[in-house]
Number of protein chains: 2
Amino acid sequence: MNVTTATPPLDTPRRAIRRTRRGDEKSEQIRSTATELFLGRGYDGVSVDEIVRSVGGSKTNIYNHFRNKEGLFLAIVKGLCEDLLASFVTIDVSALDVDEGLRTFALALLGILLQDRHLAFHRLIIAETARFPALGRAWFESGPEKSRSIIAQFIEQQQRAGHLRPSDPHQSATLFHDMITFDLLHRAMLGDKPSDDEIRHRIDTAIDAFLHGFGRK
Amino acid sequence: MNVTTATPPLDTPRRAIRRTRRGDEKSEQIRSTATELFLGRGYDGVSVDEIVRSVGGSKTNIYNHFRNKEGLFLAIVKGLCEDLLASFVTIDVSALDVDEGLRTFALALLGILLQDRHLAFHRLIIAETARFPALGRAWFESGPEKSRSIIAQFIEQQQRAGHLRPSDPHQSATLFHDMITFDLLHRAMLGDKPSDDEIRHRIDTAIDAFLHGFGRK
DNA sequence: TACATATAATACCATACGGTATGATATGAA
DNA sequence: TTCATATCATACCGTATGGTATTATATGTA
């Protein structure tokens, strides 16, 4: 209801707190415990009282570390955005050819996206973007947009080496990324987890389509 | 909490109701009014009292027509699943060549998926699938799976005519469908609606990739 | 040791929700 | 017209929620 924008950011403590080791530890306990609860049952599905019961300690202290329930939630999502794709940004494909590079990216990406933890996270984001619009943006930038950029770099490099015909690298990376992820991710979100064979087969088909297309010349 | 399965389906009236014209009209009023409310603010965001205020009449009567809040919600989602893709199933591409056919499908599909009404519906489905598992299934079957099947039929027909090289038609249709939809749909869900030019460009690129690929032979 | 403050424990508040009970009124079929 | 019943209006119940107030205790620093 309150749409004024003069209020300070929500993911900030309600008042200056003297930082201390015990305090930081407690704050981390609250954050990590609440993370699992929110991932499991969504924002509305978890009450502050339940977080208190689960992490121990007092309700007041939660409201001291995080301004309110929304503040705690936003801090948690911010952390998850950074964590989930962490292993993807360190992949080194510089020594691989086109086929191997794309396959490496695809396997790593699906390995992350099909984890239960990511599925729950994805549900959370989609569901709560209506309530917290900034949240969807942050996820898109740190998720799909980031992984596509990494793939785009590789594609551009392969184009310069003459192994791919010229095109907008980011557009091409997006098409490849989407071919790989959409179907398997959505089915996994409905509880229909693809087998390793299915994953490999999907990747093979997508790489083949990406490199050669389906036209009959 | 109650996980027994002996209860009757939820989208069923709580007791036998003598069907009458006024009753059917009232039931429709409730359904259509509540549809817009749920699309706007989700399941938890809309209270039964608010539906009563909005549609007029009495709370009791809603509980007579639909067993409870969940029953009303499921009836509404079932209706939306059928409505949204209605215009897609009647498309006739039998006289078109590969390029034109794929373009026709892509334009029609995006025309549906990027509507505000569908975006809200999609959010609703993803968010509430955790609470109502059957819901995600029903949507997937009547949505993505259905549109892919229609595209697959066209691809198979073009393969038999020798205009596409042989492949699993449904796999290929899935790849094409996902290239077309994933990125634009997700960005639209975050409020970043693509322009008509962007849509056309994306479709061109995807069709080109589908037919010719990006490899340098 | 002394003092400021972070944490705890607990009771409490206002509000909102889904759902039911009850009694009055409107409607439609016999 | 009669009578069963669909609809309405309203009050109510039990429960849960986010958030605050209060008072006591543990902790770190000077």
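The values are calculated or read from the model by the stated rules, or taken from the named source; none is laboratory data. Bear in mind the structure is a predicted one, so any value in this text is a computation, not a measurement. Neighbour counts run over all protein chains shown; Cβ positions are idealised from the backbone, glycine included. Please note that ligands, DNA and RNA were not included when accessible areas were found on the heavy atoms of the full protein model with its side chains. Shrake-Rupley method; radii C 1.70, N 1.55, O 1.52, S 1.80 Å.
Ordering A:LEU80, A:ALA188, A:ALA127 by Cα displacement along the dipole of the stretch A:62-217 toward the positive end leaves A:ALA127 in first place; charges were set at the Cβ atoms of Lys, Arg (+1) and Asp, Glu (-1). A 1.4 Å probe over all protein chains sorts A:SER142, A:SER172, B:SER54 by accessible area into B:SER54, A:SER142, A:SER172, starting with the largest.
Taken about its Cα centre, the protein assembly as shown carries a charge dipole of roughly 1780 debye when the Cβ of each Lys and Arg holds +1 and the Cβ of each Asp and Glu holds -1.
For the pair the stretch B:119-166 / the stretch B:64-118, the C-alpha centres are spaced 10 Å from each other. Treating each Cα of the stretch A:71-146 as one equal point scatterer and applying the Debye formula with no solvent, the log10 of I(q)/I(0) at q = 0.11, 0.19 Å⁻¹ comes out as -0.33, -0.81. Surface listing: B:SER27, B:SER47 arranged by accessible area from highest to lowest gives B:SER47, B:SER27, probe 1.4 Å.
Shown here are the Rg and Dmax of the Cα trace of the stretch B:129-171, at 14.6, 47 Å.
Please go through the residue pairs A:LYS59/A:LYS193; A:LYS69/B:LYS69; A:LYS26/A:LYS69; B:LYS69/B:LYS193 and name each one whose alpha carbons sit more than 28 Å apart in this structure.
Distance filter (> 28 Å) returns A:LYS59/A:LYS193; B:LYS69/B:LYS193.
Around the Cα centre of the stretch A:14-77, unit charges on the Cβ atoms of Lys, Arg, Asp and Glu (plus for the first two, minus for the last two) sum to a dipole of about 420 debye.
Charged side chains reduced to their Cβ positions (Lys and Arg at +1, Asp and Glu at -1) give the stretch B:85-212 a dipole of some 440 debye around its Cα centre.
Using a probe of 1.4 Å on the protein chains alone, the accessible area found for B:ASP116 is around 110 Å².
Taking only the C-alpha atoms of the protein assembly as shown, Rg followed by Dmax gives 24.3, 75 Å.
Mean residue ellipticity, 222 nm, helices only, chain A: the sum of -39500 (n - 2.57) across DSSP H runs of n ≥ 4, divided by residue count and rounded to 500, is -22500 deg cm²/dmol. Label-point spacing at A:GLU141 relative to the other copies reads 4.1 nm, in ascending order, each point sitting 7 Å out from Cα along Cα→Cβ. With the whole protein complex present, B:TYR43 retains an accessible surface near 10 Å², based on a 1.4 Å probe. For the stretch A:85-212, the relative contact order works out to 30 percent when only alpha carbon pairs closer than 8 Å and six or more residues apart are counted.
Taking the label point 7 Å along Cα→Cβ, B:HIS212 and its counterparts in the other copies are spaced 1.8 nm apart, in ascending order.
Once you keep just the Cα pairs under 8 angstrom separated by 6 or more residues, what percentage relative contact order results for chain B? Computed over chain B, the figure is 19 percent. Sorted from nearest, the other copies put their A:SER94 label points 5.8 nm away, the label point being 7 Å from Cα in the direction of Cβ.
Can you pull the Kirkwood radius for the stretch A:21-76, inverse mean 1/r over Cα pairs, to one decimal in Å? Over the stretch A:21-76, the inverse of the mean reciprocal pair distance is 11.0 Å. Shape summary of chain B, radius of gyration then Dmax from alpha carbon positions: 21.1, 71 Å. B:MET179 exposes around 0 Å² of accessible area when a 1.4 Å probe is run over every protein chain in place.
Using the 2.2 N^0.38 Å rule of thumb for compact globular proteins, work out how the stretch B:85-212 stacks up: its C-alpha Rg over that value, please.
1.08
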